[in-house]
Amino acid sequence: MNPLKKLFKQTFVYGLATVLPRMLSFILVPLYTSVMAPGLYGKVSVIFAWFAIFNVILAYGMETAFFRFYNKSKEKDTVVSTSLISILGTTGIFICIAFLFFGSLSQVLEVDKKYLGYVLSILALDALVVIPFAWLRANEKPMRYAVIKILNVVINLGLNVFFLFHLPKLVSENGEGFLSGVYKPNFQISYIFISNVIASSVTFLLMSELYRKTKWIFDKALWKRMMQYAMPVMVAGIAFSINEVFDRILLEKLLPEDVSQAKVGMYSACYKIALFMTLFATAFRMGIEPFFFSHSNSENPQKAYAQITNYFVVLGSIILLGVVVYADVLKTLIVRDPAYWEAMSIVPIIVLASFFLGIYHNLSVWYKVTDRTKYGAYISMIGAVLTIVINLVFIEYFGYMASAVATLVAYGTMMCLSFYFGRMYYPIPYNFRKIGFYLLLSISFSAISFYAFDRNLIVGNILLAIFLGVLYKLENDNLKKVFLKDGNKNNK
């Protein structure tokens, strides 16, 4: 099979595993915003921001290290068992320390003790399935990966809908039944985390087979090499998390106390509208990461990498313009309560920032296949510093718009730095004129539609149609070569 066609096939399946569950989880946004005021939703958003940061810490780059060493090692079982033992040991140590200093941790994170136990349980369960999921991807088992990922979110979604929507109705209709003992008023946040705990527990049970089958061999020398590779990835991951979610934490701390959580709630809810680009970029990355490593020793892999980035920019440009044009339609589907719509102005900025992040992930192939992951850490740290500094300086004056611009500046800078250093250490023949043209055109059309014509749907559709026409004219033949069998059916 054409390797690029195989890549897109796997990316589609991983996309289902990433995009479909997240699309289902979109239902939670109107659900949360209908049962919780912006301030309460803001509190939930801050806790989930800490989730993102600690998830990275507990995985500490072992997923990427696993790919690297699993693909190049002849002793694959040893790589698997060493990785599992490492994750199991560090997760156990973390949980012991967290419960030992439970009160202090609650104060530092500003997370109520009644929620912290749930948070720690979810973090531990999610950490323990990092390597099993990586094993599925490394062994090209995307369907099993997709089914389990989707099942996790279906369970989570179903329980959220039951606890937050159906349970209060059932209890109000029959206040003396069994369910009256389950229901507690003003318990929404706890119900959200209980749903997560149950979903994560089921996922762990389904993924625990790898733990049962492993030979439990710990190769200390291999582990040291994996940790040397993984540590810069962890630093980069923490920096990514800071870029992605730390603005919620800073907004809560720097805005006036009487409005901070409400503003965080508005910002977080409208941020969800931009999630379409994040979903696409994540699905694409899930497909290309194993491809990068498995083809790094093939003949002229740089040409394939350049083509992949070109296709990413083509598809990403469509998503950028599409989300911006239909932003008002999407807000009525995802964020139904008008109390949250004040923050709609951040949507184009966040979508573009996510696009830049996706391009960065494509450009980052150079430091992953050349084992220069420390550069990824350096670049991500620069992005994190920019995020923190811009937020600290400008939140006081511009509120959540400062956070949105900080995200854009951070990801744009990271993209440019990765390109610059990539040219020095691993030159890839990117088609800069074409990529630059698509970026400039999609960004310009988005700005015209959203700002110049104030989200006028007719103007937006015209601009989108023009853009799609240009893409069809320029890319039709190239796309046929990828998606037609063996890449040459169109020549017969």
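The values are calculated or read from the model by the stated rules, or taken from the named source; none is laboratory data. Please read all numbers here as calculations on a predicted model, not as lab measurements. Cβ coordinates were reconstructed from backbone atoms using ideal geometry, including for glycine residues, and neighbour counts include every protein chain displayed. Accessible surface areas use protein heavy atoms only, side chains included; no ligands, DNA or RNA. Shrake-Rupley method; radii C 1.70, N 1.55, O 1.52, S 1.80 Å.
State the dimensionless ratio Rg/Rh of the range 241-290 (Rg: radius of gyration of Cα atoms; Rh: Kirkwood radius).
Value, to two decimals: 1.15.
In whole angstrom, note down how far apart the Cα centers of the range 53-99 and the range 346-412 are.
26 Å
Short version: ³J(HN,Hα) in whole Hz for each residue of the range 255-266, in order, from phi by Karplus 6.51 cos²θ - 1.76 cosθ + 1.60 (θ = phi - 60°), x for Gly and Pro, what are they?
Couplings: 7, x, 4, 6, 10, 4, 5, 5, 5, 4, x, 4 Hz.
Which FRET efficiency value, to the nearest 0.05, is calculated for residue 139 and residue 224 with the Förster distance at 22 angstrom and r the Cβ-Cβ distance?
0.30
5 Å is the cut-off here: which amide hydrogens, built 1.01 Å from N in the peptide plane, fall below it relative to residue 219, excluding neighbours closer than 5 in sequence?
82
Give, rounded to the nearest 20 debye, the magnitude of the charge dipole that the chain has about its Cα centre when Lys and Arg contribute +1 at Cβ and Asp and Glu contribute -1 at Cβ.
I would put it at about 1900 debye.
Using just the helices of the chain, give the 222 nm mean residue ellipticity in deg cm²/dmol: DSSP H runs with n ≥ 4 each add -39,500 (n - 2.57), and the total is spread over all residues, rounded to 500.
Taken over the chain, the calculation gives -27000 deg cm²/dmol.
Mind checking the per residue accessible area of the range 141-215 for me, 1.4 Å probe, whole number of Å²?
For the range 141-215, the per-residue accessible area is 55 Å².
Give 141/303; 114/169; 215/303; 72/213 a once-over and call out the pairs whose C-alpha atoms are over 30 Å from each other.
Over 30 Å apart, Cα to Cα: 215/303.
For semi-axes √(5λ) of the Cα gyration tensor in Å, pick the label among (i) 34, 31, 22; (ii) 57, 27, 21; (iii) 37, 26, 20 that corresponds to the value derived from the coordinates.
(i)
Could you tell me what percent of the accessible area of the range 145-202 is made up of carbon and sulfur, with a 1.4 Å probe and every protein chain present?
64 percent
Using Cα pairs closer than 8 Å and at least 6 residues apart in sequence, work out the relative contact order for the chain, in percent.
Worked out over the chain, it gives 23 percent.
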